[in-house]
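A quick write-up on the structure given underneath.
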Amino acid sequence: MSKLIKDLYGKRGEFAAEQDISAYVDYAKNSRAESKALFANQKTQYRSFAIIPDIVAVDIMTKFHLDVNAHDNGQEEMQKIRKIIIDNYPQLLTGNIVKNTKGR
């Protein structure tokens with residue numbers, strides 16, 4: 001399967017889209033394994049939270065009406081997106097810090 005989003009149409013004309021996200025899941029898994037060693041001082045160093053494939057961004061937009069790529073997302077939107085990722089797409093988390101879903 002292509003790494004790009006593939007559109008599909010059912011027998012009744014319904015639309016669906018899919019994307020192979022296995023490389024994203026593998027990347028997230030490897031990042032989680034390395035994150036403890038790389039970020040010993042987690043409060044002062046940058047760290048990744050999650051990797052979000054296009055198909056997941058589309059799914060979040062469709063289901064939750066949030067644009068994960070919007071440049072003007074504020075703290076409130078980012079906290080909602082963070083909770084959505086933790087609750088619905090935990091395999092895409094790139095870090096091990098998920099205890100506080102309020103973003104604090």
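Tabulated data
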item: Residue match in region 17-36 (condition: surrounded by 12 or more Cβ atoms within 10 Å (Cβ to Cβ), under 23 Å from Gln79 (Cβ atoms) and at pLDDT below 80); result: yes
item: Answer from Phe39, Phe49 - the residue that is at pLDDT below 70 and not β-branched (Val, Ile, Thr); result: Phe39
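The values are calculated or read from the model by the stated rules, or taken from the named source; none is laboratory data. Only a predicted model underlies this, so the values are computations on that prediction, with no experimental measurement involved. Cβ coordinates were reconstructed from backbone atoms using ideal geometry, including for glycine residues, and neighbour counts include every protein chain displayed.
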